[in-house]
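The values are calculated or read from the model by the stated rules, or taken from the named source; none is laboratory data. None of the values given here were measured: they were computed from a predicted structure. Using ideal geometry, Cβ is built from the backbone for each residue, glycine included, and neighbour counts are taken over all protein chains shown. These accessible areas exclude ligands, DNA and RNA; they are computed on the full protein's heavy atoms, side chains included. Shrake-Rupley method; radii C 1.70, N 1.55, O 1.52, S 1.80 Å.
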Amino acid sequence: MRVRREPPPFRVLEVRDLEVLTPRMTRVRLGGPALAGFQLDLPAASVRLLIPSPGSEELIMPTWTGNEFLLADGTRPIIRTFTPRTFDAERLELALDVVIHDGGAVSGWLDDAAPGDPAAVSGPGRGYTIDPNAPQYLLAGDETAIPAIGQLLEVLPEPVPVDVVVEITDPAARLDLLEGAAASMRWAGLPAGQPTGDALVAAIGEVELEPGANVWAAGEAAAMHRIRRHCFEERGLPRSDVTVRGYWKAGR
């Protein structure tokens, strides 16, 4: 069995407040002294969020086995990965935007979460290094990529043109993102019954890219595999200009 590198330790925090951004997304702000020294050096980074097990209000720290985190009884803790939307170093407060969906462990936790409830974060993980010389940017993803896309729109160099494509299953998922004068925004609706990624891949295919344009995309893993093929095989883009990340897997 391949031994994986041990992740950074968890920082134990508490819920500061909750904010409903849309019917499909809620922002939870976590804070506490344990965030001292936390840094977000690059946009579109990631953190692991640890929450209490279902039916419990107690947060129990898991043990790293060399391959995964486990609780003392051998069960897996609830750990999910999110984009840290903002970090306030003075207030020691971290904001995470959560897509609300039926059956989601964190969605269920947020239904009953209140200020003072415990949670923990580990990270941050790798972020995205911006190429200041790129003549154009394409940012694409599904609803889970909205926080990272919003973050990238705030830091991409002006006045470089930016095309943004987001696949949504419900118009209620639309969120006002920071759009500069050079940004073009498209919400691609996914018809009911179609595979995740169909609307996103089709919309990306309609975007004209200049030579040297940089592509950043994130979302459902199988859809991201299709986007990789589109970028490399159909468009012939160099791998150095394309960043594609699988955030989740359909059915899991």
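Relative to the Cα centre, what is the charge dipole magnitude of the range 98-146, using +1 at the beta carbon of each Lys and Arg, -1 at the beta carbon of each Asp and Glu, and rounding to the nearest 20 debye? The partial results should precede the final answer.
Numbers: 1 positive and 7 negative charges, 63 e Å.
Magnitude of the dipole: close to 300 debye.
Average accessible surface for the range 25-90: 53 Å² per residue, computed with a 1.4 Å probe over protein heavy atoms with every protein chain in place. Seen through its C-alpha gyration tensor, with square-root eigenvalues sorted a ≥ b ≥ c, the chain comes out prolate because a/c lies at 1.5 or above while a/b is bigger than b/c.
Of the GluC sites (Glu not before Pro) found in the range 19-62, those in coil by DSSP whose Cβ has at most 10 other Cβ atoms within 10 Å are Glu57, Glu58. Think of a 1.4 Å ball rolled over the protein heavy atoms: the range 180-223 then has 44 Å² of accessible area per residue.
Other residues within the sphere of radius under 11 Å centred on the Cβ of Ser53, judged by their own Cβ, net out at -2 (K and R +1, D and E -1). At a probe radius of 1.4 angstrom, the accessible area of the range 97-176 per residue rounds to 41 square angstrom. In the chain, helical runs assigned H by DSSP with n ≥ 4 each contribute -39500 (n - 2.57); averaged across all residues and rounded to the nearest 500, the mean residue ellipticity at 222 nm is -4000 deg cm²/dmol. Highest mean packing first, where packing is the average number of other Cβ atoms within 10 Å per residue, the peptides 89-96, 72-79 line up as 89-96, 72-79.
Across Ser56, Ser122, Ser107, mean-square fluctuation computed from a Gaussian network of the chain (C-alpha pairs under 10 Å connected) peaks at Ser56. Magnitude of the charge dipole for the range 65-200, about its Cα centre and with charges confined to Cβ atoms of Lys, Arg (+1) and Asp, Glu (-1), is about 280 debye.
Pull out the extension gain between Thr81 and Asn133, defined as 0.36 nm times the separation in residues minus the alpha carbon to alpha carbon distance; nm, one decimal. Additional length available on full extension: 15.7 nm. From the square roots a ≥ b ≥ c of the eigenvalues of the alpha-carbon gyration tensor of the range 1-110, which class results: rounded (a/c under 1.5), prolate (a/b over b/c), or oblate? In terms of gyration-tensor shape, oblate. For the residues Gln39, Gln136, Gln151, a GNM of the chain with alpha-carbon springs under 10 Å puts the largest fluctuation on Gln39. Once C-alpha pairs closer than 8 Å and six or more residues apart are averaged by separation and normalised to the residue number of the chain, the relative contact order reads 19 percent.
In debye to the nearest 20, how big a dipole does the chain give about its Cα centre with +1 on each Lys and Arg Cβ and -1 on each Asp and Glu Cβ?
Working: 24 positive and 35 negative charges, 187 e Å.
The calculation lands at about 900 debye.
Taking the protein heavy atoms of the chain in the context of the full set of protein chains, the accessible area attributed to carbon and sulfur is 48 percent at 1.4 Å. Residues considered: Ala113, Ala192, Ala183. Largest GNM mean-square fluctuation over the chain, using C-alpha springs under 10 Å, is found at Ala192. Calculate the length of the line joining the C-alpha centroid of the range 1-51 to that of the range 173-252, in whole Å. With the range 1-51 and the range 173-252 each reduced to a Cα centre, they are spaced 25 Å.
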